[in-house]
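One structure is given here, and the rest of the page talks about it.
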Amino acid sequence: MGEKMSFYKQVKRVTTHVLHEMKLRGEKIAMLTAYDYSLARIIDEAEIDVILVGDSASNVMAGFETTLPITLDNMIYHAASVVRAVKRALVVVDMPFGTYQGNSKEALSSAIRIMKETGAHAVKMEGGREIIESVERILSAGIPVMGHLGLTPQSIHKFGTYVVRARDEAEAQKLVEDAYLLEKTGCFAIVLEKVPAQLGAKVAKELKIPVIGIGAGAEVDGQVLVLHDMLGITQEFSPRFLRRYHNLYEEISGAVKAYIHDVRTLDFPNEKEQY
Ligand code: KIV
């Protein structure tokens with residue numbers, strides 16, 4: 001008898017239902033960010049389950065210090081580029097700061113713009129109880145919502161630091177209540193960022209929807225990393241949860257230096273490289 005094929009291997013197109021099924025079967029969900037066509041194509045063909053067009057684009061694509069400055073138009077541009085590349089993964093788009101916290105009608109218009117103008121499959125929003133009216137309204141329009149709790153970078157000026165969240169009992173308790181609330185309201189999954197592994201495990205065990213961690217330990221239903229961080233394109237950001245799979249910064253820099261050398265020494269182009 002051959003080995004039983006994993007469920008995710010049989011999936012032609014990842015949907016929110018596929019993610020629920022993966023949680024039920026105990027198969028881990030792999031998620032990465034992408035912001036452009038070329039890299040989205042590579043990671044989709046490598047069979048990543050979920051692509052997040054994260055507002056981390058504000059940092060790694062635009063060079064801002066925080067995720068606050070990126071606009072809805074910027075996110076729509078990135079998301080539409082990613083969607084054009086993707087055949088298999090579920091594409092989730094971050095709603096940028098200031099497009100859903102004000103009121104739920106504005107939140108719905110922002111989410112509708114994302115869905116209509118990009119062709120993405122879902123949106124992600126940071127926060128719990130405080131944004132629940134917006135989450136409800138977006139869900140009622142048939143738009144799937146992924147929650148995001150723990151360290152929520154759009155609130156960095158409230159926290160004042162990027163340290164681990166929910167270490168104390170009161171904050172952990174609020175996080176668990178928010179997670180239940182997001183599930184009850186109808187979110188299809190939750191990202192849990194930079195919280196103690198024990199808390200990550202508790203939330204993943206208690207919730208029926210998938211809990212995807214970034215610095216939330218191993219006992220959650222899946223993991224997400226920022227693509228530019230795990231590829232080693234960015235160098236300055238080194239939190240404990242980050243595993244670097246490559247040092248692309250060095251590789252790209254080496255290739256560029258070799259090219260400059262070849263141009264300056266008249267080695268490039270050679271005879272075969274011209275008409
Ligand atoms: O914007 C982003 O990249 C994110 C991940 C860190 C989860 O929200």
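Checking the table 4/194; 9/158; 23/116; 105/205 against a 31 Å threshold on Cα-Cα, which pairs fail?
Listed pairs above 31 Å: 4/194; 9/158; 105/205.
Can you compute the helix-only [θ] at 222 nm over the chain? Use -39500 (n - 2.57) per DSSP H run of at least 4 residues, normalise by all residues, nearest 500 deg cm²/dmol.
Taken over the chain, the calculation gives -12500 deg cm²/dmol.
Around residue 213, which amide H atoms from residues at least 5 apart in sequence, or from another chain, sit under 5 Å from its own amide H, with H modelled in the peptide plane?
So residue 213 has HN proximity to 192, 221, 222, 223, 224.
Suppose R0 equals 25 Å. What FRET efficiency, 1/(1 + (r/R0)^6) with r the Cβ-Cβ distance, do residue 275 and residue 37 give to the nearest 0.05?
The formula returns an efficiency of 0.30 here.
With a ≥ b ≥ c the root eigenvalues of the C-alpha gyration tensor of the stretch 176-221, is it rounded (a/c under 1.5), prolate (a/b larger than b/c) or oblate?
Since a/c reaches 1.5 and a/b is larger than b/c, the shape of the stretch 176-221 is classed as prolate.
By how many nm would the segment from residue 219 to residue 267 lengthen if fully extended, with 0.36 nm per residue of separation less the alpha-carbon distance?
11.9 nm
Quick one: which residues, 5 or more positions from residue 148 or on another chain, have an amide H under 5 Å from its amide H? H modelled 1.01 Å from N in the peptide plane, none for Pro or chain starts.
Result for residue 148 returns 125, 127, 191.
So how do 213-221, 18-26 stack up, highest first, on mean other-Cβ count within 10 Å?
213-221, 18-26
May I ask you to compute the full-extension gain from residue 251 to residue 71, defined as 0.36 nm times their residue separation minus their alpha-carbon distance, rounded to one decimal in nm?
Once the chain is fully extended between residue 251 and residue 71, it gains 61.7 nm.
About the Cα centre of the stretch 68-141, how large is the charge dipole given +1 on each Lys and Arg Cβ and -1 on each Asp and Glu Cβ? Please answer in debye to the nearest 20.
Computed about the Cα centre, the dipole is about 380 debye.
From the residues 120, 132, 146, which one has its Cα farthest along the dipole of the stretch 106-148 in the positive direction, the dipole being from +1 and -1 charges on Cβ of Lys/Arg and Asp/Glu about the Cα centre?
Sorting the options by dipole projection puts first 120.
Going 7 Å from the Cα of residue 20 along its beta-carbon direction, which residues of the stretch 69-111 have the amide nitrogen within less than 20 Å of the resulting point?
Counting backbone N atoms under 20 Å from the label point, the list is 89-93.
For the stretch 2-244, what class follows from the C-alpha gyration tensor (a ≥ b ≥ c being the square roots of its eigenvalues): rounded when a/c is under 1.5, otherwise prolate if a/b is larger than b/c, else oblate?
In terms of gyration-tensor shape, rounded.
Find the centroid of the Cα atoms in the stretch 47-93 and in the stretch 147-201, then give the distance between the two in whole Å.
21 Å
Summing Lys, Arg as +1 and Asp, Glu as -1, what charge do residues with Cβ under 10 Å from the Cβ of residue 230 carry, residue 230 excluded?
So the surrounding residues net to +1.
Can you give the Rg and Dmax of the stretch 71-179 based on its C-alpha atoms, in angstrom?
Calculated on Cα positions, Rg and Dmax stand at 14.7, 44 Å.
Anything over 26 Å Cα to Cα? Flag those among 87/272; 124/184; 12/124; 124/208; 87/202, in the order listed.
87/272; 87/202
Compute the label zone of residue 236 within the stretch 248-275: residues whose backbone N is under 20 Å from the point 7 Å along Cα-to-Cβ.
248-254
So, counting K/R as plus one and D/E as minus one, what does the shell of residues with Cβ under 14 Å around residue 239 add up to?
Once all neighbours under 14 Å are counted, the net charge is +2.
If the only charges are +1 at each Lys and Arg Cβ and -1 at each Asp and Glu Cβ, what is the size of the charge dipole of the chain around the Cα centre, to the nearest 20 debye?
Dipole about the Cα centre, nearest 20: 660 debye.
What is the sum of charges around residue 163, taking Lys and Arg as +1, Asp and Glu as -1, for the other residues whose C-beta is under 15 Å from the C-beta of residue 163?
Here the count lands on +2.
First check a/c for the stretch 179-275, with a ≥ b ≥ c the square roots of the eigenvalues of its C-alpha gyration tensor; if it is under 1.5, answer rounded, and if not, answer prolate when a/b is larger than b/c or oblate otherwise.
Taking the square roots of the gyration eigenvalues as a ≥ b ≥ c, the stretch 179-275 is prolate.
Rule-based calculations on the coordinates, nothing more; no lab input. Source: prediction; values computed, not measured. Cβ: placed from backbone, ideal geometry, glycine included. Neighbour counts: every protein chain shown.
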